[in-house]
1. Compute a Gaussian network model of the chain, connecting alpha carbons closer than 10 Å, and tell me which residue from R80, R114, R46 fluctuates the most.
2. How high is the relative contact order of the chain, in percent, with contacts defined as C-alpha pairs under 8 Å that are six or more residues apart?
3. Enumerate the amide H contacts of L101 below 5 Å, restricted to partners 5 or more residues apart or on another chain; note that Pro and chain-start residues carry no placed amide H.
4. Starting from the Cα-Cα distance between S51 and A79, subtract it from 0.36 nm times their residue separation and give me the gain in nm to one decimal.
5. So, with +1 on the Cβ of K and R and -1 on the Cβ of D and E, and no other charges, what is the size of the charge dipole of the chain about its Cα centre, to the nearest 20 debye?
6. Using a 1.4 Å probe and ignoring any ligands, DNA or RNA, find the accessible area of E43 and quote it in Å² to the nearest 10.
7. Quick one: which of 63-70, 11-18 comes out on top by average Cβ neighbours within 10 Å, and what's the full order, highest first?
8. Compute, for L84, the solvent-accessible surface of its heavy atoms (probe 1.4 Å) with the complete set of protein chains present, and express it in square angstrom to the nearest 10.
Amino acid sequence: MKRILSVSVGVAVLGVLVLWGGGFFTRATIAPGHLGPAPPAPEPTRTAEASREKLPVHYEAVGTVASRVRSEVASQVTARIVELPFEAGERVAAKDVLARLDDRELAARLAQARQAAAAADAERRAAEGSLGAARA
């Protein structure tokens, strides 16, 4: 019962906030088609003479920069990164190598697979020889 009451109160408060944010409770509204009284034009208080100056090429400011396009990069294998030729934020072109991975473990596994394939091929040839001898 307490949970239903607290949820109901929460929904009611949320509804009031939405109505208030939409301007439902403001009385000083202007009807459509009526502009209301025009504000008085500001009076110039002082003037300055224009001059030419050199402006800095860069401007330093604190803030956050976000790219328009976000790309996720992932490796198809798990390996240790040994080289990152680019810094974060640098431009890269298509087909650029973004990271070099340590391939020693993968090369060892490839060599092991090749040895297993060669052994299986040798067993196949021996089996075929035995089969040929058995048929004769």
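1. R46
2. Working: 27 pairs, mean separation 16.1, N = 136.
With pairs under 8 Å counted, the relative contact order is 12 percent.
3. When sequence neighbours closer than 5 places are left aside, the close amide H contacts are V82.
4. Numbers: separation 28, 0.36 × 28 = 10.08 nm, distance 6.06 nm.
Full-extension gain reported as 4.0 nm.
5. Numbers: 18 positive and 15 negative charges, 113 e Å.
Dipole about the Cα centre, nearest 20: 540 debye.
6. 150
7. Values: 63-70: 4.9, 11-18: 10.2.
Sorting 63-70, 11-18 by mean packing, highest first, produces 11-18, 63-70.
8. Rounded to the nearest 10, that gives 110 Å².
The values are calculated or read from the model by the stated rules, or taken from the named source; none is laboratory data. It should be emphasised that the depicted structure is a prediction, and the values quoted were computed from it without experimental measurement. Glycine gets a Cβ as well: all are built from the backbone with ideal geometry, and neighbour counts include every protein chain shown. The accessibility values were calculated without ligands, DNA or RNA, using every heavy atom of the protein model including side chains. Shrake-Rupley method; radii C 1.70, N 1.55, O 1.52, S 1.80 Å.
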